Amino acid sequence: MAGTGLRFRQGAIFFSGAHAAAHPRTRTPHHHCSPQRTHDARGRCRLTAKSANGRPQISASFRDVAIDGAQSEDGAPEQGGSTVSITVVGASGDLAKKKIFPALFALYYEDCLPEHFTVFGYARSKMSDEELRNMISLTLTCRIDQRENCSDKMEQFLKRCFYQSGQYNSEEGFSELDRKLKEKENGYDCEAHANTYHQAGKKPFGRDSESSGELTRNLKKYLAEEQIFRIDHYLGKELVENLSVLRFSNLVFEPLWSRNYIRNVQLIFSEDFGTEGRGGYFDNYGIIRDIMQNHLLQILALFAMETPVSLDAEDIRNEKVKVLRSMRQLRLEDVVVGQYKGHSKGGKTYPAYVDDPTVPSGSITPTFAAAALFIDNARWDGVPFLMKAGKALHTRRAEIRVQFRRVPGNLYGRRRRSVGGGGTTATRELEKATNELVLRVQPDEAIYLKINSKVPGLGMRLDSSDLNLLYSERYPAEIPDAYERLLLDAIEGERRLFIRSDELDAAWAIFTPVLADLEANKVAPELYPYGSRGPVGAHYLAANHNVRWGDIS
């Protein structure tokens, strides 16, 4: 935004838009919409325009506009219309091509964008409007349903996409962008009202407490807290959103959600590929900053928070902040770091992290980390929260595993005579097995509960079984991508899934000391083979807290 003094890095999105009073009639909400959203007479999601931002920044500005002369389905003039202009900064980047543009098209396909909207791409690359359209057309799909002709919808969407070249720190470039946006908006029959501006950002939000605080202070020179939207796309994942529903709307779980019944909680993230050409970016941050300090810590805060007063964004974020402020600072002895090395398997050779040509020679940046965290409050005192995240591991997964305590005086943890006669049956195989609740965030979203049950037959033999909710079987409809939900929430001004400034400060306070120690002491990461389960040190860390990783079969 020209003249503000703010600089935006590649990957940003601006929403420059507006809204006015909408027609009072509503329709049934779309399958992906929250109950709080309303819909106009044409079935479009109701917008109360706000903001959004891609990696590393999504930001937005809005102008309230009333559109005159619009007609409803019955031909009567509507009370008002809406318009929004969207600028994707870093439009030629991977995030924009693979996530942002497809998410915007999906929202358009589902009639969740206003009738009058414009999308501008902004990047350093020299490109025409048509070249931008050709580029993004390769990633657009009508994966939700086939209500309307897909190619027609794509063509309509692409006609609203334009491009402006410029440097990210250039006031001249953003001034020209602003001129073109006004030109497009003036093409609508509208009356401008008071302006409101919004900025949202996608992680990384700095590298530590100091740099994050500086970024926040600079933003607040121009924007109020309610105008800042920090995106962590994991908060838009279906299973993460379902975490609070599972806990607070099911009586069977809420009474168990404490140190009295839960032995440990594990938050596990793994990728089965390495940096693959992104090492230059990754090496500046490492796995702790890239995954643990944001994705996993946000899930932890949602998991461990007290019941909020309401579903209002501020009430939920207040409870998350309380959890983060109750957590101990991490120490070196609470953390294990690793880095993948080259490995040959099945006649195929996999490269080491330092073999990536974009990675500095001799880098000791961790591609794997495991940590033991503790929350010093009445609900969670003494319960270890174990995090594990890594690249180039044996599988791709993200899940939350809740391991419950053993049954006191468990009858079936003893030896007893077989009911069917014929000798002694040892039933100690389940003595160490406890109930476990697993929320699989990706892939193949699922919720399952491990229970002990009797194997059919005359003897008394126990087995561990799963009560399973597999989303693909129970809910055949396509699950919207996280960016669709977050971009729509940002446009609507729904802040529940976005990170507040004090929440970010509390998160960095947990990790900054150990990050400083790792870098100051030049701690060498433990090497692990590409495609393995990670460094052995992670198992020793868990054993120190009398825990076994739940993803180890």
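The values are calculated or read from the model by the stated rules, or taken from the named source; none is laboratory data. Note that the structure is predicted; figures quoted are calculated from it, not measured. Quick reminder, even Gly has a Cβ in these numbers, built from the backbone with ideal geometry, and neighbours come from all protein chains shown. Remember, those area values only see protein heavy atoms, side chains included, never the ligands or the DNA or RNA. Shrake-Rupley method; radii C 1.70, N 1.55, O 1.52, S 1.80 Å.
Ranked by the mean number of other Cβ atoms within 10 Å of their residues, highest first, the peptides 295-306, 218-229 fall in the order 295-306, 218-229.
On the accessible surface of the range 216-354, probed at 1.4 Å, how many percent belong to carbon and sulfur atoms? Solvent-exposed carbon and sulfur of the range 216-354 make up 51 percent of the total.
Can you give the accessible area per residue of the range 449-518, in Å², using a 1.4 Å probe? Before the final figure, lay out the partial values.
Working: 3040 Å² over 70 residues.
Counting only protein heavy atoms, the per-residue value for the range 449-518 is 43 Å².
What the range 249-295 shows is 38 Å² of accessible area per residue, with the surface traced by a 1.4 Å probe over protein heavy atoms. Working from label points 7 Å from Cα in the Cα-to-Cβ sense, the SER464 to THR395 distance is 1.3 nm.
Which order do the peptides 171-181, 262-272, 460-470 take when ranked by the mean count of other beta-carbon atoms within 10 Å per residue, highest first?
Values: 171-181: 17.5, 262-272: 20.8, 460-470: 14.5.
Packing proxy ranking, top to bottom: 262-272, 171-181, 460-470.
Quick one: compute a quarter of the convex hull surface over the Cα atoms of the range 225-300 and quote it in nm². If you can, show how the numbers build up before the last one.
On the way: hull surface 31.9 nm².
Quarter of the Cα hull surface area: 8.0 nm².
With the full set of protein chains in place, find how many percent of the accessible area of the range 426-528 is carbon and sulfur; take the probe as 1.4 Å. After summing per-atom areas, the C and S share lands at 51 percent. The 3J(HN,Hα) values that the Karplus relation (6.51, -1.76, 1.60; θ = phi - 60°) gives for the range 366-371 are, in residue order, x, 9, 9, 8, 10, 8 Hz. Gly and Pro appear as x.
In the full protein context, the range 96-170 carries 44 Å² of accessible surface per residue, based on a 1.4 Å probe and ignoring ligands, DNA and RNA.
Packing around the peptides 495-503, 130-138, taken as the average count of other Cβ atoms within 10 Å per residue, puts them in this order, highest first: 495-503, 130-138. Projected label points at ALA224 and ASN544, each 7 Å from Cα along the beta carbon direction, are separated by 4.7 nanometres.
Counting only Cα atoms, the range 218-360 measures 55, 47, 32 Å along its principal axes, largest extent leading. Each residue of the range 395-405 was assigned a 3J(HN,Hα) from its phi angle through the Karplus expression (A = 6.51, B = -1.76, C = 1.60, θ = phi - 60°), giving 8, 9, 6, 9, 7, 10, 10, 10, 9, 8, 6 Hz with x at Gly and Pro. Taking amide H as placed 1.01 Å from N in the peptide plane, MET460 has its amide H under 5 Å from the amide H of VAL419, GLY420, each at least 5 places away in sequence or on another chain. When the convex hull of its Cα atoms is viewed from all sides, the range 426-553 shows a mean projected area of 13.8 nm². Dipole check for the range 479-538: with +1 at the C-beta of Lys and Arg, -1 at the C-beta of Asp and Glu, and the Cα centre as origin, the magnitude is about 220 Debye. Near ASN264, the amide H atoms lying under 5 Å from its own belong to GLN403; only residues 5 or more places off or on other chains count, and H is placed 1.01 Å from N. State which entries of LYS98/LYS182; LYS99/LYS320; LYS348/LYS450; LYS220/LYS320; LYS391/LYS454 exceed 32 angstrom in Cα-Cα distance in the structure shown. The answer is LYS348/LYS450; LYS391/LYS454.
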